[in-house]
Amino acid sequence: MKPLVLALKERPPERLNLSPLLPHLLAGKTADEIARIGVQTTRRPITVGDLFRVRMGDARGIHIEDGCDRLDWIGHGMASGEIVVDGDAGSQAGRLMTGGRLTITGNTGPWAASGMRGGEIEIRGATGDRLGGSLPGEMVGMRGGFVIVRGDAGERIGDRLRRGTIVVEGRAGAWAGSRMVAGTIVLAKPAGPLPGYLMRRGTIVLGSAATLSPTFMDCGKQDLVALRLLAMFVARYSAPASKVLRRSLRRFAGDMAVLGKGEIFLAC
Amino acid sequence: MRKLIANGVRIDDTFAEAFGMRATALIVTADSAAWARQAAATMTGFATSVIGCGCEAGIDREIDEKQTPDRRPGVRVLLFAVSTGELQKQLAARVGQCVLTSPGSACYAGLDGEESLKLGNALRYFGDGWQISKRFGGKHYWRIPVLDGEFLCEATTGLTKQAVGGGNLLIMGESARTTLAAAEAAVKAIARVPDAITPFPGGIARSGSKVGSKYKNVKASTNDAYCPTLKGAVKSALDADVASVLEIVIDGLTPKAVADAMAAGLAAIVKLGSRRGAVRVGSGNYGGKLGPHHFHLKDLLP
């Protein structure tokens, strides 16, 4: 399958809204029709044709070449197919995605995978704050699917995470899994202070020691079948994260400041 | 009745009449093969016949640790019942009392069905609020805290409506010893057939039954036509040289599994021959009017 290629000609003069560029929305459209799609975020109209060289292909796969940090909402609401961004992406990449696969070879801004419901996202570089988190006013963040970040991630990974799995191979910022409702986060490298801050339920696995809130209670070393299954699932995407899950892990229950049915597993 | 003879064993020109059933399968794992076997044996105990046990259940096969969902030694168990409701009831009761309680066990779906039965979804309440739901890789699991750690159980398992119960072989011999030898050989061969079980003790039933009785409250009673002690007293189906009869009942997830199992059993009996094993093999039916599946012995011969 030859993908549809959108090559960025130059750094755009403003932030762009790339949410109309989804495989299921572009299916059956001609090169002219695609070139006329508006992607501006100000009153001045900007079309795909103004900024990208369009090379037609099967729209089930979209390749964005020479991505940059001004390309927001890439894969917003994506339901199927594949989007590959060669380079960086702006904020909210893969927000509200329900299916398909989004790959970003560079870095992304904040709120990647925010409110995601299904599908897979791979970020090969670093990502900003609130990966898979909720936007202000939303009761829950990510609620399904799988996200892997090869580089570092910012603060509050999986804020209000409801379901789904987030794996970060690099370092993670403070308050990872803050206000988690449920779901799973695996952090292979050191995480910032207070992971699981006010988490209600859910699982956070830390490959390296972190400053835990005193509201997490030590439940001792555990060797659980559930973690073995999780390790086997994660191994499809990430060898380092899978390795962490196969280590001897100590279980901490919390956050006792709230419901207290969550857990942090700390490699020891 | 015309008789076929193979290796000295007379094969009746008759058929097994079998019925449609609802069935499900589970994979039970544990830290060792012995404990996986123990959990499976316990949950399939007292499951010989739907007449008195609610379901028929048995071990389909042992599964190598490379093949199980959690890479621990496991056993695949099949359960058969006459209705979806009864199957659900038996499944929850048996897994709850026999697998949940067994040290180090975990329980997974053993069948992809168009419909599903509650597994962990029925047992999770044992966690008293501490149960944890986990979804990943397209699967849904429940983690229930127990005294040796956690009982991990998949939320649902598949249900099939294509299952068949009541495939059978009537093995007749000149003595109890040779008849049992033939029956044991047949059970051993059937154990290797996938998707089929022999629910009776060691796979063998010595109390083959007929429908009805002279007593109005008794639904099934001894099959007097095949009882060697009544040979002269009733309209017997037995020949002069038959002194002992054993029955093998087979349930399978598909009609093909039952046919394969009967063929494997028959082949083992024929291979053993009439001198060391059975002199005659028959099969039970109700004249072909009750059950939709007919397995003719002559079609199953090797």
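The values are calculated or read from the model by the stated rules, or taken from the named source; none is laboratory data. Model, not experiment: these values are computed from the prediction. Virtual Cβ from ideal backbone geometry, glycine too; neighbours counted across all protein chains shown.
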(message) When you scan the stretch B:110-122, do you find a residue that is within 14 Å of chain A (Cβ to nearest Cβ) and either at pLDDT 95 or above or more than 19 Å from residue B:253 (Cα to Cα) (or both), even just one?
(response) yes
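Counting residues that are among the acidic types (Asp, Glu), which strands (runs of 3 or more DSSP E) fully inside the stretch B:228-302 reach at least 1? Outline the logic, then answer.
Details: elements: B:244-252, B:278-282, B:293-296.
Output list reads B:244-252.
Which residue out of B:213, B:221, B:133, B:207 is within 14 Å of another protein chain (Cβ to nearest Cβ), on the phi < 0 side of the Ramachandran plot and not acidic (Asp, Glu)? Outline the logic, then answer.
Details: B:213 fails: within 14 Å of another protein chain (Cβ to nearest Cβ); B:221 fails: within 14 Å of another protein chain (Cβ to nearest Cβ); B:207 fails: within 14 Å of another protein chain (Cβ to nearest Cβ).
Exactly one of B:213, B:221, B:133, B:207 is within 14 Å of another protein chain (Cβ to nearest Cβ), on the phi < 0 side of the Ramachandran plot and not acidic (Asp, Glu), namely B:133.
Using the structure shown, decide if residue A:201 is charged (D, E, K, R) and within 13 Å of residue A:263 (Cα to Cα). Before the answer, list the steps.
On the way: charged (D, E, K, R): yes; within 13 Å of residue A:263 (Cα to Cα): yes.
Yes.
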(request) Tally the residues that are part of a loop (DSSP other than H, G, I, E, B), within 11 Å of chain B (Cβ to nearest Cβ) and surrounded by fewer than 23 Cβ atoms within 10 Å (Cβ to Cβ), restricting the search to the stretch A:176-213. (result) 1
(message) Exactly one of these conditions fails for residue B:192: (1) surrounded by fewer than 20 Cβ atoms within 10 Å (Cβ to Cβ); (2) free of Cβ contacts under 8 Å to residues at least 40 places away in the same chain. Give me its number.
(response) (2)
(message) Given the condition touching an Asp or Glu at 6+ places or on another chain (Cβ under 7 Å), away from chain B (no Cβ under 13 Å) and not in a helix (DSSP H, G or I), answer yes or no: does some residue in the stretch A:214-222 qualify?
(response) yes
(message) Could you tell me how many of the residues in the stretch A:253-263 are within 25 Å of the chain's Cα centre (by Cα) and more than 10 Å from chain B (Cβ to nearest Cβ)?
(response) 2
(request) Mind listing whichever residues of the stretch A:73-98 are under 13 Å from the mean Cα position of the chain (by Cα) and either modelled with pLDDT under 95 or among the small types (Gly, Ala, Ser) (or both)? (result) A:75, A:89, A:90, A:91, A:93, A:94
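Within the stretch A:223-243, which residues are part of a helix (DSSP H, G or I) and either within 11 Å of another protein chain (Cβ to nearest Cβ) or within 16 Å of residue B:142 (Cα to Cα) (or both)? Break it down into steps so the answer makes sense when it comes.
Applying the first criterion (part of a helix (DSSP H, G or I)) to the stretch A:223-243 yields A:225-234, A:239-243.
Those that are part of a helix (DSSP H, G or I) and either within 11 Å of another protein chain (Cβ to nearest Cβ) or within 16 Å of residue B:142 (Cα to Cα) (or both): A:225, A:226, A:227, A:228, A:229, A:230, A:231, A:232, A:233, A:234.
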(message) Any residue at all in the stretch B:140-151 that's more than 20 Å from residue A:180 (Cβ to Cβ), away from chain A (no Cβ under 13 Å) and of a type in the set (Gly, Ala, Ser)?
(response) no
(message) I'm trying to understand the selection: among the residues of the stretch A:70-97, which are touching a helix residue (DSSP H, G or I) at 6+ places or on another chain (Cβ under 6 Å) and buried (at least 20 other Cβ atoms within 10 Å of the Cβ)?
(response) A:81
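It is to be established whether one or more residues within the stretch B:230-251 are under 24 Å from residue B:56 (Cα atoms), aliphatic (A, V, I, L, M) and surrounded by fewer than 23 Cβ atoms within 10 Å (Cβ to Cβ). Walk me through it before giving the result.
At the first step, the residues of the stretch B:230-251 found to be under 24 Å from residue B:56 (Cα atoms) are B:245-251.
Remaining after also requiring aliphatic (A, V, I, L, M): B:245-246, B:248-250.
Imposing the further condition that a residue be surrounded by fewer than 23 Cβ atoms within 10 Å (Cβ to Cβ) reduces the set to none.
No, that holds for no residue.
With the stretch A:49-138 as the region, which strands (runs of 3 or more DSSP E) entirely inside it contain at least 3 residues that are within 29 Å of residue B:135 (Cβ to Cβ)? Full working, then the answer.
Numbers: elements: A:52-55, A:58-67, A:82-87, A:101-104, A:120-123.
Those strands (runs of 3 or more DSSP E) span A:58-67, A:82-87, A:101-104, A:120-123.
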(request) Kindly check whether there is at least one residue in the stretch B:252-263 that is farther than 20 Å from residue B:56 by Cβ and either touching a strand residue (DSSP E or B) at 6+ places or on another chain (Cβ under 9 Å) or not charged (D, E, K, R) (or both). (result) yes
(request) Evaluate the stretch A:139-161: report whether one residue or more is within 14 Å of chain B (Cβ to nearest Cβ), assigned to a strand (DSSP E or B) and in contact with a helix residue (DSSP H, G or I) (Cβ under 7 Å, 6 or more places away or on another chain). (result) no
